[in-house]
Amino acid sequence: MSGSPCLLCGGPRSPLHLRVSDPETGEEFGIERCKVCGTAATVPAPLNLGPYYASAYHGGRHGLTARLCARRRLRRLRSLVPPGKGRRLLDVGCGDGAFLLAARDQGYDTTGTERDPGPPGRHGLRVLPGLDAAAAEAPFDAITLWHVFEHLEDPREALSAIRSLLPDGGILLLAVPNLGSLQARIFGRRWFHLDVPRHLWHYTRATLESLLAQAGFTPVRRWRHEWEYDLFGWSQSALDSLGGTPRTFFRLLTGKPVRTGPLLRLVHLAAGALLTVLAAPAALIEWTLGRGGTIVLAAAATRGGGPGPPRAGCSSP
Ligand SMILES: [Zn+2]
């Protein structure tokens, strides 16, 4: 069975997974991998993704892990772009604004983008509706995409737009699920981080770095994990493989509505907690092998095509 041509390179694609279920709607999708560039895509890609986001991202992260997550991401950013007056940061797909707020507290001049700029705006954050709108604010010293790049319909176009917002040497910092991870290999079509159809693209370190190179970026730092994403990747994928209502453990911990009764909730919580503890050694093994559930990468803008010299008179929100 041969698939549709690759949207990135035109190469032929073949099925990687069939019948991957959307845990939110129950609809099934496929995942095809390009035989030439190796990039994997969700098929068919919905023409209108709006309904698939309607329920998926309600609720929020647990307070403690959200804070630890923001702190870790800031530490990684600071190691490459130290905060300081006029240091300009753009967070693409800023969600509830937790990372932007933490970055602003550290002294960065922050801007975010989000499909619906409502909630972060309440914290006085500058949030724009997309990359096009961010062009008026360029250049930025750093641009971050935390688990956002895999959601973008045209990754090449997005990288080109991002490149145009950075001066030469500007830093792009991004995290995506790792299709080349041990957990992705073991759980196959039931891997938690496939998240079809919201994840339109599925990357390995090699396919991601190849795309970045084509867009004029050179990797300058690689990290092996985002530990809470990786642990959930193991425990929730294992739970979903055992049966029951998909994602219940994840939904309970993140305050999202669940469709099961109180007794089953307790079962999911207990089993999820146990599996998360048991997942720790598995995660350590995949991190050691460089095949963790998340790819975190910093890349520097290396070629021409940037926005030119930095703008004078930067303003803080
Ligand atoms: Zn391709």
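The values are calculated or read from the model by the stated rules, or taken from the named source; none is laboratory data. What you see is a predicted model; the values in this text were computed from it and never measured. Note: ideal-geometry Cβ built from the backbone for every residue, glycine included; neighbour counts use all protein chains shown.
A few notes on this one:
- The residue pairs whose first member lies in the stretch 266-284 and is closer than 17 Å to PHE192 by Cβ and surrounded by 12 or more Cβ atoms within 10 Å (Cβ to Cβ), whose second member is at pLDDT 90 or above and hydroxyl-bearing (Ser, Thr, Tyr), and whose beta carbons are closer than 8 Å, counting only pairs six or more residues apart or on different chains, are GLY272/SER235; LEU275/SER235; THR276/SER235; LEU278/SER235; ALA279/SER235.
- Filtered by the rule that a residue be out of contact with any strand residue (DSSP E or B) (no Cβ under 8 Å at 6 or more places or on another chain) and within 18 Å of ALA280 (Cα to Cα), the stretch 213-231 gives TRP227, GLU228, LEU231.
- Residue pairs whose Cβ atoms lie under 9 Å apart, sitting 6 or more positions apart in sequence or on different chains, and linking a residue in the stretch 293-304 that is under 22 Å from GLY233 (Cα atoms) to a partner that is among the hydroxyl-bearing types (Ser, Thr, Tyr) and in a loop (DSSP other than H, G, I, E, B), are GLY293/SER181; THR294/SER181; ILE295/SER181; ILE295/THR204.
- Checking THR204 against (1) farther than 30 Å from ALA136 by Cα; (2) at pLDDT below 95, the condition it does not meet: (2)
- Looking only at residues in the stretch 86-119 that are of a type in the set (S, T, N, Q) and under 30 Å from ARG198 (Cα atoms), the one that is surrounded by the most Cβ atoms within 10 Å (Cβ to Cβ) is THR110.
- Screening LYS35 with (1) within 26 Å of ILE162 (Cβ to Cβ); (2) within 16 Å of the ligand (Cβ to nearest atom); (3) of a type in the set (Lys, Arg) gives one miss only, at (1).
- When SER164, SER160, SER181 are checked against the criterion of being among the hydroxyl-bearing types (Ser, Thr, Tyr), touching a residue at least 24 places away in the same chain (Cβ under 8 Å) and within 24 Å of LEU284 (Cβ to Cβ), a single residue qualifies: SER181.
- Given (1) modelled with pLDDT under 90; (2) buried (at least 16 other Cβ atoms within 10 Å of the Cβ), number of the condition CYS314 does not satisfy: (2)
- Qualifying residue in the stretch 3-18 (condition: away from the ligand (no atom under 16 Å from the Cβ) and within 22 Å of the chain's Cα centre (by Cα)): yes
- Taking every residue in the stretch 212-233 that is closer than 30 Å to LEU274 by Cα and pairing it with any residue that is surrounded by fewer than 19 Cβ atoms within 10 Å (Cβ to Cβ) and polar (S, T, N, Q), at least 6 positions away or on another chain, the pairs with Cβ-Cβ distances below 7 Å are GLU228/THR65.
- Scanning the stretch 238-255 for residues that are part of a loop (DSSP other than H, G, I, E, B) and surrounded by fewer than 17 Cβ atoms within 10 Å (Cβ to Cβ) gives GLY243, GLY244, THR245, GLY255.
- Taken over the stretch 217-237, residues that are assigned to a loop (DSSP other than H, G, I, E, B) and surrounded by 21 or more Cβ atoms within 10 Å (Cβ to Cβ) amount to 2.
- Test set (1) at pLDDT 95 or above; (2) touching a helix residue (DSSP H, G or I) at 6+ places or on another chain (Cβ under 9 Å); (3) in a loop (DSSP other than H, G, I, E, B) - LEU166 fails condition number: (2)
- Any pair with Cβ under 9 angstrom, 6 or more apart, that starts in the stretch 126-146 at a residue that is without any contact (Cβ under 8 Å) to a residue 24 or more places away in the chain and part of a strand (DSSP E or B) and ends at one that is crowded, with 20+ Cβ neighbours inside 10 Å and polar (S, T, N, Q): LEU128/THR111; LEU128/THR113
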